[in-house]
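Here the structure comes first, spelled out in structure tokens, and everything after it is commentary.
The values are calculated or read from the model by the stated rules, or taken from the named source; none is laboratory data. The structure displayed is predicted, hence computed values, not measured ones. With ideal geometry, Cβ positions are generated from the backbone for all residues, glycine too; neighbour counts draw on all protein chains shown. Accessible surface areas use protein heavy atoms only, side chains included; no ligands, DNA or RNA. Shrake-Rupley method; radii C 1.70, N 1.55, O 1.52, S 1.80 Å.
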Amino acid sequence: ILNVEQSPQSLHVQEGDSTNFTCSFPSSNFYALHWYRWETAKSPEALFVMTLNGDEKKKGRISATLNTKEGYSYLYIKGSQPEDSATYLCAFENYGQNFVFGPGTRLSVLP
Amino acid sequence: EAQVTQNPRYLITVTGKKLTVTCSQNMNHEYMSWYRQDPGLGLRQIYYSMNVEVTDKGDVPEGYKVSRKEKRNFPLILESPSPNQTSLYFCASSSSGTGREKLFFGSGTQLSVL
């Protein structure tokens with residue numbers, strides 16, 4: 001079974017701080033890397049799907065980068081707000097559309 | 001409204017009593033899949049389907065069955081549930097049968113097997 005790791009496991013930041021998390025995944029058999037945002041008592045929602053080495057994607061204050069050769073992706077949040085509090089999941093997709101999710105990074109933004 | 005509908009939201013059952021969790025999507029999506037979420041672990045894929053009548057095992061298929069007779073529906077069947085199947089279950093779909101598309105998740109089913 002493939003292993004996808006995320007760090008840190010949890011994070012507390014002050015409102016207005018910028019922050020970033022890491023997702024590590026196998027560099028072989030790579031097809032896509034997904035990021036999802038999961039608020040408590042809700043369903044995960046897609047942020048980005050990244051496919052090419054060097055990809056950078058941005059959605060408002062959230063952005064992500066991808067390095068498929070070394071097997072990592074970074075998610076950045078600029079100027080964190082309390083509504084950014086959630087668990088952020090990354091998922092490795094291989095050619096067979098088998099998904100392996102990381103355990104998530106739980107972000108708490110304190111007002 | 002485009003959505004993935006799972007039922008029920010909560011289910012308490014006893015060991016050995018067969019149950020089905022339904023999943024339906026109204027977006028004409030090719031791909032559907034099932035996951036379970038346990039504390040400290042990421043979402044783990046149980047089964048997935050890239051099209052009607054095509055299903056494949058994910059990482060944790062033991063004790064589960066699925067079927068994809070129609071494009072919109074992908075039920076998860078537990079023939080003889082056991083306590084280690086107590087978990088939060090999510091169904092998800094995506095538009096492409098060839099991948100690289102975002103997943104849309106259902107609202108989840110919290111299952112407790114006593």
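Details
- Taking a point 7 Å from the Cα of residue B:38 along the Cα-to-Cβ direction, the residues of the range B:88-111 with backbone N closer than 13 Å to it are B:88-89.
- Measuring between their Cα centroids, the range A:1-52 and the range B:9-37 lie 24 Å from each other.
- The simple Förster model, with R0 at 35 Å and r as the Cβ-Cβ distance, assigns residue B:82 and residue A:57 a FRET efficiency of 0.25.
- The order of A:38, B:34 by accessible area, most exposed first and with a 1.4 Å probe, is A:38, B:34.
- Buried area at the A-B interface (accessible, heavy atoms, 1.4 Å probe, summed, Å²): 1900 Å²
- Note: relative contact order over chain B, using C-alpha pairs below 8 Å and six or more positions apart, is 36 percent.
- Sequence-distant contacts, meaning Cα pairs under 8 Å at least 6 residues apart, place the relative contact order of chain A at 38 percent.
- Near-label residues of the range B:71-114 by backbone N, under 12 Å of a point 7 Å along Cα→Cβ of residue B:52: B:71-73
- Each label was represented as a point 7 Å from its Cα along the Cα-to-Cβ direction; for residue B:59 and residue B:13 these points are 2.4 nm apart.
- Shielding score for B:94-107, defined as the mean number of other chain Cβ atoms within 10 Å: 5
- Note on residue B:88: accessible area is roughly 40 Å² with a 1.4 Å probe, heavy atoms of protein only.
- Per-residue shielding of A:92-104, expressed as the average number of other chain Cβ atoms within 10 Å of the residue Cβ, stands at 6.
- Global form of the range A:24-99, assessed from the alpha-carbon gyration tensor, a/c cut-off 1.5: oblate
- Estimated distance in nm for a label pair at residue B:28 and residue A:29, the labels positioned 7 Å out from Cα along Cα-to-Cβ: 3.3 nm
- Order by protection proxy (mean Cβ within 10 Å, highest first), peptides A:93-101, A:21-29: A:93-101, A:21-29
- Basic side chains Lys and Arg get +1 at the Cβ, acidic Asp and Glu get -1 at the Cβ, and with that the dipole of the range B:1-50 about its Cα centre reaches some 300 debye.
- Surface per residue (accessible, 1.4 Å probe) for the range B:15-109, Å²: 42 Å²
- Rolling a 1.4 Å probe across all protein chains gives residue B:12 an accessible area of roughly 130 Å².
- Backbone N under 14 Å from the residue B:20 label point (7 Å along Cα→Cβ), restricted to the range B:53-69: B:65-69
- Average beta carbon contacts from partner chains per residue of A:40-46, 10 Å cutoff: 5
- The candidates B:65, A:69, B:71, arranged from most to least accessible area with a 1.4 Å probe in the full protein assembly, appear as A:69, B:65, B:71.
- Rounded, prolate or oblate (a/c below 1.5 giving rounded, otherwise prolate when a/b exceeds b/c) for the protein assembly as shown by Cα gyration tensor: prolate
- In terms of packing, defined here as the mean over residues of other Cβ atoms within 10 angstrom, the peptides A:9-20, A:80-91 line up highest first as A:80-91, A:9-20.
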